[in-house]
Amino acid sequence: MKNKTIYFYSAIFLFLITGILPGRIYSQNKQAPPPLEIMYSNSNGNVNDPMLTNTKPAEIQKSAQLVSLENQLETARLSGNVMAARQIQSQINTLQGTAEVHQPCLNSDYHSGPSGNGYEGDYNQSTIHSWSIYSHAFGVAPTGSNVAGRLFYLLSQDSQSGSDSLKLMYSTNNGASWFTLMWTSMTGYSFNKDEMDLEVVYDGTNTWVFAVIGLTDNSDNRKKVYFMRQKADGSGYYWTILNYPGSGAGMNYYNPRITSDNTNYTSNAYVMMICSMDSLAGANHFTKQKYMYSSTPFDATPGLNYIQPNGSTGFYWATANNTNGTTYLNGDIAYYKDDGGTGNGRVMTAYNCYGSGFNNIYIAYLNGYSTPGSSMVVTEANINKDLRIAFNGGTNIRTGMITYVRQYNAGDWDIFGLKTTNGGSTAGDWVRDTLDYTGDRARTCDLIAVRNTAGQYKVCYAQDNPTAPAGFYRTYTGSSWSAKIQMTSSVPDTIWAEPRAGYVLGGGDNGIGIWSYMNGYNGFCSRNMTSTTGIISNQIPNGFSLAQNYPNPFNPATTIKFSMPISGNVTLKVFDVTGKLVSQIVNGKLEAGTHEYSFNASDLASGVYFYRLDVSTEGSSAKGFTDIKKMILVK
């Protein structure tokens, strides 16, 4: 339980003229971005003295016995042989002198439901949750799962007089409305601001939500990591506080991040996570990334393997003897399978200890799940926050991206990135990217990779535009970035529950932006952002009407307008001449008014199409409405 400080911003939104080069947004008055410099390290993870070199050091060679066992494990996992995979993994653990720990599920005040719908109005913006939020996270059930396309939203809820709560919600209609799956009251703990990550995993039969959340134990005032799991049908709940060996007084664990190898495995999928650790010894802070993975995440009591690949320095990188008490270790974790390269599963992390005096980006990866591979240092003196790394994953897909907020000067912060198409295991694999290089100040940035789809990413960020934060969304399609889209007319939070990027399955206008009001008040979902312009007239129409699209004929985009005298549940669908549904533009509740939507037919062939509007007004004295009109696509 905490008290939040109220911040006031003058909500004046001005549109600046920017030069748009392919996939990037630049200011016409700024110098070109600095050249990319990436070097290797011979320091064994010592950030204080990285011993930089242009020559990649030799990687640790695995023993013949370990290589043989890992090959057997790969065969068992890909074939779905759970029993054999577990036996072989146990042999690997014994060989490495480690074992999975089975921590019992801790007691909690657990509740399912109740269900609740979110309202959707201007900008196709639905309300997910109405209360104060400390942190939130987003995930989507993957293609092929039993609930494919279901959206999940996890939030930690503030309580001004009692215990903080954790709530998991879901949507089955691409974010138009939301329902509560579970909630639990966390007696004795207070959630930390903006420390939450979520991973949705399909085991071949069931879909599970795994999450890690940063919180503070009120009994000893230490920061710790909450690890949880919940099945999509409401069963299988498990939670525990991660208990790293050697943990004790003066040690804080925070900023947890989670990933999985579910892009390549189902019944034998693993879940991996990192968190930041600050070990205060006298006046000095020792910061490092701590690692954990589970090879049995679906068990009633999952096994937790606390092996630290680089020994005392944790996952790999560590900063020692820092006297700055405000140091915050930014980091993230991702996975891809190195098909076409070593064939290993590759767990990769990014590390930046902002405030320590070592402001570069430090990259490290594992060959497998516990053997250090190599490390790199990206020279970057001005990185500020929100370091993210994501890979698409899947068979023969090694595309990945890193994003972060970078200071140009005190009042001008940009969003930079690095991208790779072949795994990023060497310095030459990474290419500089600049997502937003305007004169505005970017406050936050979040990145998500579209699963099993090479080179597809989404970002959501808050940026002063130019004086008060506005929320924006962009899509990377493999070769360039889309134009930035303002996802809400409201001022999004940039301190507690920062905007999160998401997507829906099916392609097209598939963007999802999750955000809250300033100071983390309420949770919202913005969707259909490339085709929705929202309510264009607040004047209440006299009756229902569906206008002829304009232009008509069209190529490739056209505008469809309709009016509603009262609110109602609306669908706007497009069919071809055979009656086949080719697009669903609207599916949800809209308020009374005149609405306008853009329909893009880039992926359709020339011909005649029909668009149909259906409005249901259940509970109202007014009747529903249906109308159909013809339009012609000419390419």
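The values are calculated or read from the model by the stated rules, or taken from the named source; none is laboratory data. Just so you know, these numbers come straight off a predicted model, no measurement behind them. Note that each Cβ is placed from the backbone with ideal geometry, even for glycine, and that neighbours are counted across all protein chains shown. Accessible surface areas use protein heavy atoms only, side chains included; no ligands, DNA or RNA. Shrake-Rupley method; radii C 1.70, N 1.55, O 1.52, S 1.80 Å.
Cut-off under 24 Å on the C-alpha distance; same-chain residues fewer than 8 positions from LYS458 excluded. Which lysines are left, in chain and number order?
LYS193, LYS337, LYS385, LYS419, LYS484
In the range 301-418, with Lys and Arg counted as +1 and Asp and Glu as -1 at Cβ, which of these residues, LEU366, ALA381, THR301, has the Cα nearest the positive end of the dipole, that is, farthest along it?
THR301
Measure off 7 Å from each Cα along the Cα-to-Cβ vector at GLN61 and SER108, then give the distance between these two points in nanometres to one decimal.
The answer from the label model is 4.7 nm.
Per-residue counts of other Cβ atoms within 10 Å, averaged by peptide: what ranking do you get for 445-452, 80-87, highest first?
Descending mean neighbour count gives 445-452, 80-87.
Give me the number: length gained by fully extending ILE566 to THR187, i.e. 0.36 nm times residue separation minus the C-alpha to C-alpha distance, one decimal in nm.
Extra length available between ILE566 and THR187 comes to 132.0 nm.
Taking only Cα atoms, what is the 0 to 90° angle, nearest 10, from helix 82-96's long axis to the longest principal axis of the chain?
Helix 82-96 sits at roughly 40 degrees to that axis.
Using r as the Cβ-Cβ distance of ASN81 and ALA454, and R0 as 30 Å, what FRET efficiency do you calculate, to the nearest 0.05?
0.55
Taking only Cα atoms, what is the 0 to 90° angle, nearest 10, from helix 64-79's long axis to the longest principal axis of the chain?
For helix 64-79, the angle is close to 20 degrees.
When the accessible area of the range 347-492 is split by element with a 1.4 Å probe, what percent falls to carbon and sulfur?
The computed percentage sits at 48.
Under a crude label model (7 Å from the Cα following the beta-carbon direction), how far is LYS30 from THR426 in nanometres?
Label at LYS30, label at THR426, 3.2 nm between them.
If r is the Cβ-Cβ distance from ALA99 to ASN146 and R0 is 22 Å, what FRET efficiency results, to the nearest 0.05?
E between ALA99 and ASN146, to the nearest 0.05, is 0.10.
If the chain between ASN206 and ALA249 were fully stretched, how many nm would it gain, using 0.36 nm times the residue separation less the Cα-Cα distance?
Details: separation 43, 0.36 × 43 = 15.48 nm, distance 3.95 nm.
Taking 0.36 nm per residue and subtracting the Cα distance, the gain is 11.5 nm.
For the range 166-232, what % of the accessible area comes from carbon and sulfur atoms, probe 1.4 Å?
Here it works out to 39 percent.
So if R0 is 45 Å, what FRET efficiency would THR395 and ILE540 give, r being the distance between their Cβ atoms, rounded to the nearest 0.05? Can you show the working numbers first?
Details: r = 54 Å, r/R0 = 1.20.
Calculated transfer efficiency: 0.25.
Arrange the peptides 71-78, 51-58, 273-280 so that the one whose residues have, on average, the most other Cβ atoms within 10 Å appears first. It would help to have the intermediate numbers written out before the result.
Numbers: 71-78: 17.5, 51-58: 11.9, 273-280: 23.1.
Going by the mean number of other Cβ atoms within 10 Å, highest first, we get 273-280, 71-78, 51-58.
Mind checking which lysines have their C-alpha under 18 Å from LYS56, skipping anything on the same chain fewer than 8 residues away?
none
Compute the accessible area per residue over the range 181-222, keeping the other protein chains in place, probe 1.4 Å, unit Å².
That works out to 29 Å² per residue.
How large, in percent, is the carbon and sulfur part of the accessible surface of the range 493-601 at a probe radius of 1.4 Å?
48 percent
Give the lysines reachable from LYS629 as a straight Cα distance under 24 Å; neighbours fewer than 8 places away on the same chain don't count.
Those lysines meeting the cut-off are LYS561, LYS573, LYS580, LYS589.
Among GLN456, GLY513, LEU590, whose Cα lies farthest out toward the positive end of the dipole of the range 455-601, if unit charges sit on the beta carbon of Lys, Arg (+1) and Asp, Glu (-1)?
So the residue furthest toward the plus end is GLN456.
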